[in-house]
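S.K.: My questions all concern the structure below.
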Amino acid sequence: MMSSKVAFVFPGQGSQAVGMGKEFYDHFKAAREVFEEADDALRFSISGLCFNGPEESLKLTENTQPAVLTTSIAALRVLQAEKGIEPGLTAGHSLGEYSALVSSGALSFAEAVQIVRLRGKFMQEAVPVGEGTMAAILGMEREEVERVCEEASSGEVLSPANFNCPGQIVIAGHTKAVERAIEIVKQKGKKAMVLQVSAPFHSPLMKPAGVRLSEALQRTHVKELRVPVVTNVEAKANSALERVKPLLVEQVSSPVRWEESMRQMIEEGIEQVLEIGPGKVLSGLMKRIDPKVGTGNLEDIQSLEKIG
């Protein structure tokens, strides 16, 4: 059943939790096959890490990225087998864009899971631990946040990294610059908090990771997109297979334009957004972007039963 009014969206890093995907693995062959394929492709038990942890290992970027992708695609395969829903558009937040590309048919799952493990490794190694970080700024407009970044940078790198929803923008850069920005934001009477991340994702400091990712992507095959993917970099629907790799490379060091991406979907007639994979972060953002759009999520049997 194809529905041009439904979009699938896929979560990124930060949505992981020990135990994710286990219910689907236990009850559905389609999910089991995905976890087994991931274990084979990665040559270690990512399924065991998803189901049993430990959390410290699951939180390592090079593990988190394939773990979230695998859990999301397992949920997608269950949805396709049980409900037969196909979307009109798809998108994913940062890492989630790879899940979106698998769902659109552009990337094979086995290749995607291998590439995101490398992506996590390259992103982690681009900046020594402790030298870069990210912070969420609440209740400020885009222009205001950009001014804060300019003021706080003092010759270091600092820029907006995620435009998530009205009043929630994430910044990334050198740790000291982020700390200075938090002080400025607090002096203005607004809230800011450092995120528990291991690197300054989606900032220019990630450019070395982009170079390495570009080389790794040369070995990856891209096929025709069955469903357009609204990309993080452009916040526009892409159906051109030759644009897939360049946009993935650019994405590593560019801001995630999530709010604009969701507004683009609405403009194209999307009335319902289904978040596929662990957590409900993207459903929460959508409620703040446009509460008129229906939201749902799929991460376990209980949520599957709610889907029409």
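S.K.: Would you mind stating whether GLN80 is free of Cβ contacts under 8 Å to residues at least 60 places away in the same chain, more than 17 Å from THR220 (Cα to Cα), among the polar types (S, T, N, Q) and surrounded by fewer than 22 Cβ atoms within 10 Å (Cβ to Cβ)?
M.R.: So GLN80 fits the description; yes.
S.K.: Filter the stretch 18-62 down to the residues that are of a type outside the set (A, V, I, L, M, F, W, C) and touching a Gly at 6+ places or on another chain (Cβ under 6 Å), then identify the one that is nearest to VAL113 (Cα to Cα).
M.R.: The qualifying residue nearest to VAL113 (Cα to Cα) is GLU62.
S.K.: Of the residues VAL244, VAL273, VAL249, which is assigned to a strand (DSSP E or B), modelled with pLDDT of 95 or more, at negative phi and in the same structural domain as PHE28 (by TED's automatic domain parsing)?
M.R.: Checking each option against the conditions leaves just VAL273.
S.K.: Output the residue which, of all residues in the stretch 276-308 that are part of a loop (DSSP other than H, G, I, E, B) and acidic (Asp, Glu), is nearest to GLN65 (Cα to Cα).
M.R.: Residue satisfying both the conditions and the ranking: GLU299.
S.K.: Please specify each residue of the stretch 215-232 satisfying the condition of being of a type in the set (D, E, K, R) and outside any loop (DSSP other than H, G, I, E, B).
M.R.: Selection gives GLU215 alone.
S.K.: To continue, here is another question. Could you check how many residues of the stretch 1-35 are without any contact (Cβ under 8 Å) to a residue 40 or more places away in the chain and within 13 Å of SER72 (Cβ to Cβ)?
M.R.: Total satisfying the criteria: 1.
S.K.: Here is a further query. Kindly list the number of the only condition in (1) under 20 Å from the mean Cα position of the chain (by Cα); (2) of a type in the set (Val, Ile, Thr); (3) under 21 Å from GLU23 (Cα atoms) that fails for ILE307.
M.R.: Every condition holds for ILE307 apart from (1).
S.K.: Looking only at the stretch 23-45, how many residues end up being part of a helix (DSSP H, G or I) and over 22 Å from SER303 (Cβ atoms)?
M.R.: Of the residues in the stretch 23-45, 6 are part of a helix (DSSP H, G or I) and over 22 Å from SER303 (Cβ atoms).
S.K.: Kindly provide the set of residues from the stretch 110-130 that are in contact with a helix residue (DSSP H, G or I) (Cβ under 6 Å, 6 or more places away or on another chain) and over 13 Å from TYR98 (Cα atoms), ordered by number.
M.R.: Once the filter is applied, which keeps residues that are in contact with a helix residue (DSSP H, G or I) (Cβ under 6 Å, 6 or more places away or on another chain) and over 13 Å from TYR98 (Cα atoms), the stretch 110-130 yields LYS121, PHE122, MET123, GLN124, ALA126, VAL127.
S.K.: So which residues in the stretch 187-242 are over 28 Å from ILE137 (Cα atoms), of a type outside the set (A, V, I, L, M, F, W, C) and without any contact (Cβ under 8 Å) to a residue 40 or more places away in the chain, if there are any at all?
M.R.: Result: SER214, GLU215, GLN218, ARG219, ASN238, SER239, GLU242.
S.K.: Is the stretch 100-109 home to any residue that is buried (at least 16 other Cβ atoms within 10 Å of the Cβ), free of Cβ contacts under 8 Å to residues at least 60 places away in the same chain and under 20 Å from the mean Cα position of the chain (by Cα)?
M.R.: Yes, that holds for at least one residue.
S.K.: Please find, within the stretch 195-226, the residue that is farthest from PHE163 (Cα to Cα) out of those that are modelled with pLDDT of 95 or more and touching a strand residue (DSSP E or B) at 6+ places or on another chain (Cβ under 7 Å).
M.R.: Filtering first and then ranking leaves LEU205.
S.K.: Would a scan of the stretch 167-186 turn up a residue that is surrounded by fewer than 16 Cβ atoms within 10 Å (Cβ to Cβ), in a strand (DSSP E or B) and in contact (Cβ under 8 Å) with a residue 40 or more places away in the chain?
M.R.: No, the stretch 167-186 contains no residue that is surrounded by fewer than 16 Cβ atoms within 10 Å (Cβ to Cβ), in a strand (DSSP E or B) and in contact (Cβ under 8 Å) with a residue 40 or more places away in the chain.
S.K.: Taking the stated definitions as given, is VAL129 among the hydrophobic types (A, V, I, L, M, F, W, C), in a helix (DSSP H, G or I) and touching a residue at least 24 places away in the same chain (Cβ under 8 Å)?
M.R.: no
The values are calculated or read from the model by the stated rules, or taken from the named source; none is laboratory data. Keep in mind that this is a model prediction, so the values were computed, not measured. In this analysis, Cβ positions are derived from the backbone assuming ideal geometry, glycine residues included, and neighbour counts consider all displayed protein chains.
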